[in-house]
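Read the figures in this text as sums done on the coordinates, not as results from a lab. The model shown is predicted, which means the values in this text are computed figures rather than measured ones. Note: ideal-geometry Cβ built from the backbone for every residue, glycine included; neighbour counts use all protein chains shown.
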There are 2 protein chains.
Amino acid sequence: MKNYFSSDFRLGVLGGGQLGRMLLTETQKLDIYTVILDGNSNAPCAQICNEFHQGDLLDFDTVYNFGKQVDLLTIEIENVNIDALDKLEEEGLTIFPKPKNLRTIQNKALQKVFYHEQGIPTADFTRFALKEDLEKAVLENTVSTPFVWKSARFGYDGNGVKIVKSIDDLQNLPSGECIAEKLIPFKNELAVIVARNKAGEIKTYPVVEMEFHPEANQVEYVICPARIDETVANKARKIALDVADAFDFVGLLAVEMFQTEDDTILVNEVAPRTHNSGHYSIEASYTSQFEQHVRSILNLPLGNTDSKVAGIMVNLVGAEGHTGDVIYKNIEEVLKIEGVTPHLYGKKHTKPFRKMGHVTIVNTDVNKAREIAQQVKETIKVIAK
Amino acid sequence: MKNYFSSDFRLGVLGGGQLGRMLLTETQKLDIYTVILDGNSNAPCAQICNEFHQGDLLDFDTVYNFGKQVDLLTIEIENVNIDALDKLEEEGLTIFPKPKNLRTIQNKALQKVFYHEQGIPTADFTRFALKEDLEKAVLENTVSTPFVWKSARFGYDGNGVKIVKSIDDLQNLPSGECIAEKLIPFKNELAVIVARNKAGEIKTYPVVEMEFHPEANQVEYVICPARIDETVANKARKIALDVADAFDFVGLLAVEMFQTEDDTILVNEVAPRTHNSGHYSIEASYTSQFEQHVRSILNLPLGNTDSKVAGIMVNLVGAEGHTGDVIYKNIEEVLKIEGVTPHLYGKKHTKPFRKMGHVTIVNTDVNKAREIAQQVKETIKVIAK
């Protein structure tokens, strides 16, 4: 085995945001020398990695030259220059997740086509090279409202997704490649994180439930374990495994799914990396998703994905009407509550809805944890000075 | 409340070893800007803190000048220049633990006198300004063998402590201030970590047991919870609280104790900081000792000290006969076992008995954890390349 620990081995990471920052906790624990590339010199990882490089993740030369300086390359964000990764891989660099998987996943239209080809259950959809083609299809009634418009590229956190009730809703959306997806009435949005190493060892984390705000279309709580029937949970874990198998994936794959009214499980989309829906694992699981990511890409044995206790995550996003130097109002109040751990991502500047951190609530009883989570959400506020 | 998070607040830490490194995980999590002073430019913290200063921790000017650049000062090692801390405190800097506590604890003779004055149960002892005075006392039979010689200054990890069976055993020991302590036959060595903040909130972690190697006089396993009677455990927690009260302590205080044959609890010594006996808490406790240290010195509410699961720690020390660039032999074998987490301290060079890292084993069953701990200890080896 290659000696990764306290050695001259260099792990490269594309992206230096909060996911990278939480990954660094694990590379520090295992003393793996970590080199990070990010466009922002104040990125959350900048000060605390072993070596920070500033540069554009979408620029071929920047990514290629960065890759030449590391022994193994991974990502914490999927929007990176894949052509550079292909060339690096051709030249012998180990890259996990694999560039070909990233290419498929980076484009939501390709991702949907992939599910269709592989027999993975997913909502029906039609693919359009341009938004104008979709508009034409709506006018000609080959696509009927309501449907879900999804931009093929660069969507994240609800950006690039819109429920279209009439053709007017398309007006202010960006042009470019997109899909029109059948609107699925679902009773739960679930997620399963799958870890797989090069040797083929594969494990799933428990199914988590994303609880949405009843009015705003925003995930409020990620709850582990999901409060669902065991049969449904097993079905969701099985489908997540199928997706990872279909990709022949190495690394961490977060599979987001809908549980429909009749308990059908449909894959919504995947993320080829550590994921917001797995943050609870830092406190609640035997192996956090970040440690598992390290284990999987280095072809180490995977850790136990079971939970020690129930875990709930609440995102800390910038409050509306607040832009400027951040203050975590009432953080000391939430620290008074047992089993509550804030994670702040190292961003000095807040603006409305910016992801600034998260809070994990652990408890032996998931319902008690859910009550505390609500209390936390109602107490702590991300405001400007 | 002062705003410590994602702000311009500067936390200073004297010492940049492994305890500082594990503290950084927590200051990163809470985005507290952390500035570290250590004599070694390759100290475990050097690359991953926000700001690293190289300098001698025992030099007045170095410590004083460092203190002038931070908003609150703490330590991860107690052997620092206390005169500089006194001056900084006089000039208004907040320092936790308090310099006066560090002065008492830094000198084992003063520490013992303090217990005596405060009515804290501890083994009987006699104090000597010089080793030669002790030799004279032995010759004159005012001190009788066997006894335990302890150097007043700079002892750590078994250095500065020796069981003296005859006067010849004193020969190769350093001169200087020392104590002769009554040799106590004990059945267990226990430890309790107490956390206290400025507001006076105080909590104890569960009692842990230090299991020694049957032949070598070396702690092999730290076991939480200690496999002892609850009455004895409560007595130990009570005495640890008494010690913290007596010191009017702020921060983390690790209290090491003997459980004698008749279940008397005697205080052996204390450490005014996070401690090897609390490393299990990272994986096993609701609040790790390192997060608790941050909470206590910043006068934040203290976290829950209960355990989620049983935890055992095995130290990773350099194997005999191995000096050079480190290799963690069979680390992949121990990663195969569920509930096993290695922590490597970022030291590139191993030598016999150097503390290079530790491994935590967690399990719902402490006896099962103990079995796995033995398996881990027999498998992983810290050798040179």
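Quick one: Kirkwood hydrodynamic radius for segment A:124-182, alpha-carbon pairs, angstrom, one decimal?
11.1
Just tell me how shielded B:332-338 is by partners: mean number of partner chain Cβ atoms within 10 Å of each residue's Cβ, no decimals.
Details: counts 7, 1, 1, 9, 5, 3, 7.
The shielding value for this peptide is 5.
Would you mind checking segment A:159-183 for residues with the amide N under 16 Å from a putative spin-label position 7 Å along Cα→C-beta of A:Asp124?
A:180-183
How big is the gap, in Å, between the Cα center of segment A:299-350 and the Cα center of segment B:110-157?
The distance from the Cα centre of segment A:299-350 to that of segment B:110-157 comes to 49 Å.
Tell me the net charge near A:Leu344. Cut-off is 12 Å between Cβ atoms, A:Leu344 excluded, with +1 for each Lys or Arg and -1 for each Asp or Glu.
In short, +3.
Where does segment B:10-95 land on the Kirkwood hydrodynamic radius, alpha-carbon pairs, in angstrom?
Hydrodynamic radius (Kirkwood, Cα only) of segment B:10-95 equals 12.5 Å.
Using 17 Å as the cut-off for backbone N distance, which residues of segment B:7-32 belong to the label zone defined by a point 7 Å from the Cα of A:Lys385 along Cα→Cβ?
Only B:7-11, B:31-32 fall inside the zone, counting backbone N under 17 Å.
Which order, highest average first, do B:251-258, A:236-243 follow once you tally other Cβ atoms within 10 Å for each residue and take the mean per peptide?
So the order, starting with the most tightly packed, is B:251-258, A:236-243.
When you look at the Cβ of every residue in A:28-37, what mean number of other chain Cβ atoms sits within 10 Å?
Mean number of neighbouring Cβ atoms from other chains: 5.
Please compute the modelled spin-label separation between A:Glu261 and A:Phe154, points set 7 Å along Cα→Cβ, answer in nm with one decimal.
3.8
Averaged over all directions, how much area does the convex hull of the C-alpha atoms of the protein assembly as shown cover when projected, in nm²? Let's see the in-between values first.
On the way: hull surface 135.6 nm².
Projected area, direction-averaged: 33.9 nm².
Starting with the fewest neighbours, write out A:Tyr115, B:Tyr328 ranked by other beta-carbon atoms found within 10 Å of each beta-carbon.
A:Tyr115, B:Tyr328
Report the relative contact order of chain B, percent, no decimals, based on alpha-carbon pairs under 8 angstrom and at least 6 residues apart.
The normalised contact order for chain B reaches 13 percent.
Using a 10 Å cut-off on Cβ to Cβ distances, tally the other chain neighbours for every residue of B:48-58 and report the average as a whole number. Can you show the working numbers first?
Details: counts 9, 2, 3, 1, 0, 0, 0, 0, 0, 0, 0.
Shielding by partners across B:48-58 averages 1.
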